Amino acid sequence: MSYRILDQHSALEYIRSHPQAPEHLNLQAELVGEEIGDGNLNRVFRVFEKGNRDRSLLLKQGIPYLRVAGESWPLSPERARMEAQALEQQYRLVGDLVPKPYWFDPELALNAMQDLWRHQVLRRPMVERTRYANLGETIGRFLALTLFGTSDFGMEPKAKKALSGRFVNAELCEITEDLVLTEPFEPKLLGGKTNRNRFNPLIADDLERLQADTELRLEVARLKHRFMSSAQAMLHGDLHTGSIMATPPDAGGKAEIRVIDPEFAFYGPMGFDLGMFVANLFLNAAAQQAHAPDPEERGAYRKYLYTQAERCWETFEVEMRQQFANVQDISWSSKAFQDRFLLETLQDACGYAGCEMVRRTVGFAHVYDLESIPNPELRAEAERLSLALGQELIKISGKTSNFTELMDLVRTTIPEGPSSSSG
């Protein structure tokens, strides 16, 4: 079967003919297919038995171009293989925090997996100030177990080298290198490349000042080189509130949380994933400047967001140290080494968080948190908060000595305000 882009009808035909489908669906039942999702890279279909949503699965197909740009921006569907490989590793390490993989079809660049139909993507509910009490703790655990478990600390050296060779995700890494770590910070590019930044005209002067800051650009260059050269562990590669799903919070505020969409997976610095996640909490905090005009409500939700960032780091550190206690290589066994490694990871996370905040504000791919603010003046106010914090996080990334320092900067730049409510 040669590659073709599926539609709702052909997705159902595909399911009816696939030998593994009967393990998950009754093919004699009436099947319903619907296209879901609004991502940039894939077509996603849900197929379920009519009248029984628990009997369902998800089909995710890589298409040969970036949807937001159309066929003018070609992409190899091979990234679907990266997602299949990454999901396999994640499910091995944290099976309760990712969808269960069913099969991978290389000819159609298609992954079949568990349908998380009770879950919803977090970004929009969080813009509306929904609280998930266990979010930070859950993502901290996800990061610690997947990163440690695919690193030199958690794998036999030959096995780790072999696994890292399966994640040379050059095409999607280039997107990150260009759109996250280069173009937002550089007024001109070399080699005939075109800058693809998009931004609110009201913050054009802010962007010009940012791009004229040589200290900032030097630090971003360091972070970019580290991204390209430090193959510490298998990263998710695109961990934000749009790649996390959850059920509605229960009476205690907790939810069942799953991490999805690892097609950007590659071997890189552990702090990158951590930085991406906390940056998106901080982007939400900046956007609440417009979404929550009441100072009490705004302050309460920012306090919640900052608490989740802190719980993420605290859980990550505790889980990492627990795993370090069982390492078999004497080189990694000393507390001094572990302290230094965790500090370097924190510093990386700080810098990459700053890069993410800047690029989501003035780069090519924005976030709903800011884009959903209809008034350009109010949006500019939130965007300036994001740019201010992003730049400061980058500048302190090589100097910060603990997560409290990072959060002190966050709270100074984007204050919680008058609220004293707990998060």
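Nothing in this text is a laboratory measurement; each read-out follows from the coordinates by a stated rule. Here the structure is a predicted model, which means the values were calculated and not measured. Cβ sites come from the backbone with ideal geometry, for glycine too, and all protein chains shown count toward neighbours.
Taken over the C-alpha atoms, the range 29-113 has Rg and Dmax values of 14.0, 41 angstrom. Gyration tensor analysis over the Cα atoms of the chain returns equivalent ellipsoid semi-axes of 33, 26, 23 Å (largest first, whole Å). Computed from point charges on the beta carbon alone (+1 for Lys and Arg, -1 for Asp and Glu), the dipole magnitude for the chain about its Cα centre is near 420 Debye. In straight-distance terms, cross-link reach from Lys161 covers every one of the lysines whose alpha-carbon lies under 29 Å from its own, apart from those fewer than eight places away in the same chain; here that gives Lys60, Lys100, Lys224, Lys335. Of the residues Ala133, Ile175, Val318, the one whose Cα sits farthest towards the positive end of the charge dipole of the range 120-413 is Val318 (charges of +1 on Lys and Arg Cβ, -1 on Asp and Glu Cβ, taken about the Cα centre). The separation of the range 229-289 from the range 74-97, counted between C-alpha centres, amounts to 15 Å.
Note on Trp117/Ser17: beta-carbon distance plugged into 1/(1 + (r/R0)^6) with R0 of 25 Å gives a FRET efficiency of 0.60. Among the helices of the chain, those built from whole DSSP H runs whose Cα atoms reach 24 Å or more along their own axis and whose mean Kyte-Doolittle hydropathy is at least -0.5 are 271-291, 335-362, 376-396. Springs between Cα atoms under 10 Å define the GNM used for the chain, and in it the highest mean-square fluctuation of Leu189, Leu179, Leu235 occurs at Leu189. Listed by chain and number, the lysines whose C-alpha is less than 21 Å from the C-alpha of Lys303, apart from same-chain residues fewer than 8 away, are Lys254. Normalised by the number of residues in the range 26-125, the mean separation of alpha-carbon contacts (under 8 Å, six or more apart) gives a relative contact order of 21 percent. Specify the residue with the greatest mean-square fluctuation among Tyr14, Tyr132, Tyr102, computed from a Gaussian network of the chain linking alpha-carbon atoms under 10 Å apart. Comparing Tyr14, Tyr132, Tyr102 in the GNM, the peak value goes to Tyr14.
The relative contact order of the range 300-422, computed from alpha carbon pairs under 8 Å that lie at least 6 residues apart in sequence, is 36 percent. Taking the fewest neighbouring Cβ atoms within 10 Å as the starting point, the ordered list for Lys160, Lys100, Lys335 is Lys335, Lys100, Lys160.
Between the range 170-187 and the range 38-65, the C-alpha centres lie 29 angstrom from each other. For Glu310, neighbours were defined as the other residues whose beta-carbon sits under 14 Å from its Cβ, and their charges (Lys and Arg +1, Asp and Glu -1) total -2.
Over the chain, DSSP H runs of length four or greater, each weighted -39,500 (n - 2.57), average out per residue to a 222 nm ellipticity of -15500 deg cm²/dmol. Ordering Thr400, Tyr306, Ala29 by the projection of their Cα atoms onto the charge dipole of the chain, which places +1 on the Cβ of Lys and Arg and -1 on the Cβ of Asp and Glu, puts Ala29 at the extreme positive end.
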